[in-house]
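Student: Got a structure for you, written out below as structure tokens; questions coming shortly.
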């Protein structure tokens with residue numbers, strides 16, 4: 001697997017059968033480790049943690065720190081704190097055995113404790129394994145925190161193949177959505193002059209093409225397809241490290257994902273894996289991108305001038321935020337009001353779009369699937385993506401589209417449409433399609 005190492009290094013990436021057997025030697029010879037701690041939950045301990053423990057303890061003692069979860073484990077301040085208290089003094093390395101949640105928690109612990117860690121994926125559910133940041137719930141809001149990259153990744157394809165199909169399918173939802181985040185980044189580059197790191201984007205493209213090829217050839221859960229998907233998820237994480245932010249791998253589709261996860265965290269909607277909520281977000285944004293940039297610029301300009309399609313009033317938006325965000329609504333409303341554009345800002349955006357409209361149409365053409373193509377890929381992957389079929393009502397879908405951008409300060413197409421007064425119009429169009 002070829003990885004660009006211009007701005008970072010990774011000591012080891014092993015994605016193969018019997019990858020676990022390489023772990024003890026790597027700890028001893030490459031990292032000079034003598035007292036590692038294994039981070040897992042009950043499920044991931046059974047999936048791979050027990051095997052890792054047996055292999056490692058032949059060389060050195062290993063402490064198992066198990067995250068206790070009544071149902072679904074989540075990365076939040078409570079989980080981080082409980083594991084922090086369980087790690088022994090003298091621990092010199094962490095071993096994350098699991099998928100997104102365990103890896104994100106371990107990455108933060110490693111960063112805070114200044115320890116190396118290695119990642120042992122037990123499924124292909126998300127692109128968390130090689131990232132340098134971790135999304136964590138703090139006071140029920142998902143925040144992306146600086147964290148530590150792994151010293152190595154040991155992904156055993158036999159373990160990946162035996163993971164629940166729903167867990168593996170979620171990884172396709174996360175990885176195949178990268179055209180949305182790429183397009184959002186280009187929009188922010190045009191509107192806000194935000195610099196785009198092209199090398200980080202190139203890092204994702206080759207494994208993305210390869211993953212789609214294997215998916216079409218072998219199906220979603222063939223060992224060869226899952227190996228290629230894992231390579232892509234690792235590359236996605238490395239692209240974040242290279243860019244110095246989550247930009248190359250996370251855009252408006254992740255804003256939607258974070259919003260749904262916020263509602264899950266509050267117990268206000270059914271549980272979905274991260275990759276499933278990303279797939280839902282990508283489906284919505286694919287439709288909105290295609291609907292918007294199918295317009296000629298003059299038609300788009302006419303939409304801007306049509307007072308009948310403008311956003312809801314500030315009072316109605318306040319009411320929506322108050323209903324949706326409950327105890328968090330005041331800070332959300334205040335932040336939204338602070339970001340509201342003045343006339344000069346809107347004129348600037350319109351002018352920039354007039355100059356760059358055809359360029360953006362090419363960006364969409366080259367990076368975002370048609371709605372039909374996206375549906376075909378998700379159906380082949382086995383990941384749910386349609387919000388109606390996932391149980392969301394039209395009013396809930398409206399809330400998702402209109403409120404999702406409040407989950408972080410990343411500038412995406414959702415922010416652009418809101419600044420121009422067209423967000424509700426395109427939300428309504430998506431619901432009625």
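Every number in this text was worked out from the coordinates using simple rules, so none of it is lab data. Remember, it's a predicted structure, so these values are computed and weren't measured experimentally. All Cβ positions, even for glycine, are placed from backbone atoms using ideal geometry, and neighbour counts span all protein chains on display.
Student: Given Cα pairs under 8 Å that are at least 6 residues apart, what percent is the relative contact order of the chain?
Tutor: Values: 735 pairs, mean separation 69.7, N = 433.
Relative contact order here is 16 percent.
Student: As a check on your grasp of the helix formula, calculate [θ] at 222 nm for the chain: sum -39500 (n - 2.57) over DSSP H runs of n ≥ 4, divide by the residue count, round to the nearest 500.
Tutor: Values: 18 runs with 234 residues, N = 433.
Helices in the chain give a 222 nm mean residue ellipticity of -17000 deg cm²/dmol.
Student: Sticking with this structure for a sec: Among 368, 180, 333, 260, which comes first, then next, by fewest other beta-carbon atoms within 10 Å?
Tutor: Values: 368 22, 180 31, 333 19, 260 26.
Result, fewest neighbours first: 333, 368, 260, 180.
Student: Taking only C-alpha pairs under 8 Å that are 6+ residues apart, what is the relative contact order of the stretch 250-432 in percent? Spell out each step's value before the answer.
Tutor: Details: 159 pairs, mean separation 70.7, N = 183.
Reported as a whole number, the value is 39 percent.
Student: Another question, then. In whole angstrom, how far apart do the alpha carbon centroids of the stretch 118-134 and the stretch 199-255 sit?
Tutor: Cα centroid to Cα centroid, the span is 12 Å.
Student: Dividing the Cα convex hull volume of the stretch 21-159 by residue count, how many Å³ per residue is that?
Tutor: Numbers: hull volume 13.6 nm³, N = 139.
It comes to 98 Å³ per residue, whole-number rounded.
Student: Sticking with this structure for a sec: Per the Kirkwood definition applied to all pairs of different Cα atoms, how many angstroms is the hydrodynamic radius of the stretch 150-273?
Tutor: Working: mean 1/r = 0.0638 Å⁻¹.
This gives a value of 15.7 Å.
Student: Suppose each label sits 7 Å from its Cα in the direction of the beta carbon; what would the residue 294-residue 386 distance come out to in nanometres?
Tutor: 1.7 nm
Student: If packing is taken as the average number of other Cβ atoms within 10 Å across a peptide's residues, how do 195-206, 243-254, 120-131 rank, most packed first? Mind dumping the intermediate values first?
Tutor: Working: 195-206: 17.2, 243-254: 25.2, 120-131: 29.4.
Put in order of decreasing packing, that is 120-131, 243-254, 195-206.
Student: Would you kindly state how much longer the chain becomes between residue 339 and residue 409 on full extension, computed as 0.36 nm times their sequence separation minus their alpha carbon distance, in nm to one decimal?
Tutor: On the way: separation 70, 0.36 × 70 = 25.20 nm, distance 0.99 nm.
Gain on extension, residue 339 to residue 409, equals 24.2 nm.
Student: By counting other Cβ atoms within 10 Å of each Cβ, how are 148, 330 ranked from fewest to most? Before the final figure, lay out the partial values.
Tutor: Working: 148 22, 330 11.
Starting with the residue having the fewest Cβ neighbours, the order is 330, 148.
Student: Run the paramagnetic zone check for residue 86: 7 angstrom along Cα to Cβ, then residues of the stretch 103-133 with backbone nitrogen under 12 Å.
Tutor: 106
Student: Students often check this: by mean Cβ neighbours within 10 Å, which of 213-219, 317-323 ranks highest, and how do the rest follow?
Tutor: Packing proxy ranking, top to bottom: 317-323, 213-219.
Student: Roughly how many whole Å is it from the C-alpha centroid of the stretch 274-288 to that of the stretch 356-391?
Tutor: Here the two parts' Cα centres lie 8 Å apart.
Student: Output the Cα-based Rg and Dmax of the stretch 311-405 in Å, rounding Rg to one decimal and Dmax to a whole number.
Tutor: 17.9, 47
Student: Which translational diffusion coefficient, to the nearest whole µm²/s, is obtained for the chain from the Stokes-Einstein equation, given a Kirkwood hydrodynamic radius over C-alpha pairs, 25 °C and 0.890 mPa s?
Tutor: On the way: Rh = 22.2 Å.
Stokes-Einstein gives a translational diffusion coefficient of 110 µm²/s.
Student: Determine the principal axes of the Cα atoms in the stretch 118-223, then give the extent along each, sorted from largest to smallest and rounded to whole angstroms.
Tutor: Result for the stretch 118-223: principal-axis Cα extents of 45, 36, 27 Å.
Student: Arrange 185, 357 by Cβ neighbour counts within 10 Å, fewest through most, would you? Each step should come with its number before you reach the end.
Tutor: Numbers: 185 25, 357 17.
Listed from fewest to most nearby Cβ atoms, that is 357, 185.
Student: Fully extended, how many nm does the chain gain between residue 306 and residue 59 (0.36 nm per residue separation, minus their Cα-Cα distance)? Spell out each step's value before the answer.
Tutor: Numbers: separation 247, 0.36 × 247 = 88.92 nm, distance 7.13 nm.
Length gained, residue 306 through residue 59: 81.8 nm.
Student: Taking R0 as 45 Å, what FRET efficiency do you get between residue 192 and residue 224 from their Cβ-Cβ distance, rounded to the nearest 0.05?
Tutor: For R0 = 45 Å, the calculated efficiency reads 0.65.
Student: Arranged from highest to lowest average of other beta-carbon atoms within 10 Å per residue, in what order do the peptides 41-49, 294-302, 134-142 appear? Walk me through the intermediate numbers first.
Tutor: Numbers: 41-49: 21.6, 294-302: 12.9, 134-142: 18.2.
Packing order, densest peptide first, comes out as 41-49, 134-142, 294-302.
Student: Now, a different point. With the alpha-carbon atoms as the only input, what is the per residue convex hull volume for the stretch 250-432 in Å³? The partial results should precede the final answer.
Tutor: Working: hull volume 21.6 nm³, N = 183.
It comes to 118 Å³ per residue, whole-number rounded.
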